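Single-structure report; data block below.
Every read-out reported here was derived from the displayed coordinates using simple, explicitly stated rules and does not represent laboratory data. A quick note: this is a predicted structure, and the numbers were derived from the prediction, not measured. Neighbour counts are summed over all protein chains in view; Cβ atoms, including those assigned to glycine, are modelled from backbone coordinates with ideal geometry.
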Amino acid sequence: MILLTNDDGPLSPGLIAAKSVLAELEEVRVVVPRREQSCIGKAITAGRPVKVEEGRMLDGTPATVVDGTPADAVLIAFNKLLKLRPRLVVSGINLGPNLGLDDALDSGTLGAAFEAALRGAPSIAISYCMERGGREEVVEEDLREAGEVLRRVAKLILEGGMPKGVDVVSINIPRGFKLGSSPVRLTRLSKKPYRDLHVEVEGGYVIKQWGLDVYPVDEEDTDVEAVRRGELSITPISLRLPCRRKGCEPLLSALNNKKRASRVT
């Protein structure tokens, strides 16, 4: 069984595109947040009940709807709704890019995939890099191409498992991508932070648009630059966050020293 979720909610055309191709491979269970939950990362809901109801996707087919975050949807699916752990978890197809380390930390799409991967499930996060909040609209042909990309990657993982050491495969599909003619690249997450996102409005600041221009120029092997060139970006992500401990001994010395350090003035 495949668990399908997203951060755009049940009425996203990307959800339909994903389910239609995944259903060719296995039974698909759809569990999604009630409303769009972009930029919420791996947050979970605390302090109030999270309601779970049966809803409908944009095409009228059933979906389980969770009144919480994408990570809530995954947790409740794993612990309350599913009898067996899914063989694969797919988050998407997101309407908008998920590029770089900033998005990896902020994205509800990736947050859901990370939540599943932490529980041992092979996970795919897939995004269609249209501009959000601007004049661009969903191109149905692009979504069909994105769906075929997803079908091929999902089939490969179901049959052979995840690549060694990889917890999440993040896929970013540029506008106008064509399988068989457009380039496909293995990439790494850009580490450059967003440009200034906020626009001043009455009462404060708001993010009005989200497109490729929010990401600074980076090295050519990054996910950002691949998509900017019109290439499909496949980014393997590991959830292990090792850091060299060598050289950090002064931290222990400072805390183990019984003598009170003098204040710096």
Simple label model, 7 Å out from Cα along Cβ direction - LEU11 to GLU26, nm: 3.1 nm
Who wins for biggest fluctuation among ILE207, ILE126, ILE40 in a Gaussian network model of the chain, springs between alpha carbons below 10 Å? ILE207
Residues of type lysines that LYS80 reaches as a straight line, Cα spacing below 18 Å, ignoring anything fewer than 8 places off in the same chain: LYS51
Find me the longest stretch of the chain that has none of the exposed GluC sites (Glu not before Pro), where exposed means in a DSSP loop (not H, G, I, E or B) with at most 13 other Cβ atoms within 10 Å. 28-136
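Hey, with R₀ at 35 Å, roughly what FRET efficiency would VAL199 and LEU84 work out to, going by the Cβ-Cβ distance, to 0.05?
Values: r = 47 Å, r/R0 = 1.33.
Calculated transfer efficiency: 0.15.
With a ≥ b ≥ c taken as the square roots of the eigenvalues of the C-alpha gyration tensor of the range 130-173, please select rounded if a/c is under 1.5 and otherwise prolate if a/b is larger than b/c or oblate if it is not?
Oblate, since a/c reaches 1.5 and b/c is not below a/b.
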I need the phi-derived Karplus couplings for the range 4-12: 6.51 cos²θ - 1.76 cosθ + 1.60, θ = phi - 60°, integer Hz, Gly and Pro marked x. 10, 9, 6, 10, 9, x, x, 9, 7
Taking only Cα atoms and a 10 Å spring cutoff, compute GNM fluctuations for the chain and point out the largest among LEU118, LEU88, LEU22. LEU118
Extension gain (nm, one decimal) between ASP213 and LEU179, 0.36 nm per residue minus Cα-Cα: 9.8 nm
What does the convex hull of the Cα atoms of the chain come to per residue, in Å³, rounded to a whole number? 204 Å³
Tell me, what ³J(HN,Hα) does each residue in the range 87-94 have, in order and in whole Hz, if you take phi through Karplus 6.51 cos²θ - 1.76 cosθ + 1.60 with θ = phi - 60° and put x for Gly and Pro? 6, 7, 10, 10, 10, x, 6, 5
Most mobile of ARG244, ARG132, ARG35 in a GNM of the chain (Cα contacts under 10 Å): ARG244
Please give the FRET efficiency for ARG240 paired with GLU159, using the beta carbon to beta carbon distance and R0 = 25 Å, rounded to the nearest 0.05. 0.50
Under the definition of Cα pairs under 8 Å and six or more residues apart, what whole-number percent is the relative contact order of the range 161-242? 49 percent
Residues of the range 18-49 with amide N under 20 Å of a point placed 7 Å along Cα→Cβ from MET1: 18-34
Calculate for the chain the 222 nm mean residue ellipticity that helices alone would give, adding -39,500 (n - 2.57) per DSSP H run of length 4 or more and normalising by residue count, nearest 500 deg cm²/dmol. -8000 deg cm²/dmol
Enumerate the lysines that LYS246 could reach by cross-link, defined here as Cα to Cα under 29 Å, with residues fewer than 8 away along the same chain left out. LYS164, LYS191, LYS192, LYS258, LYS259
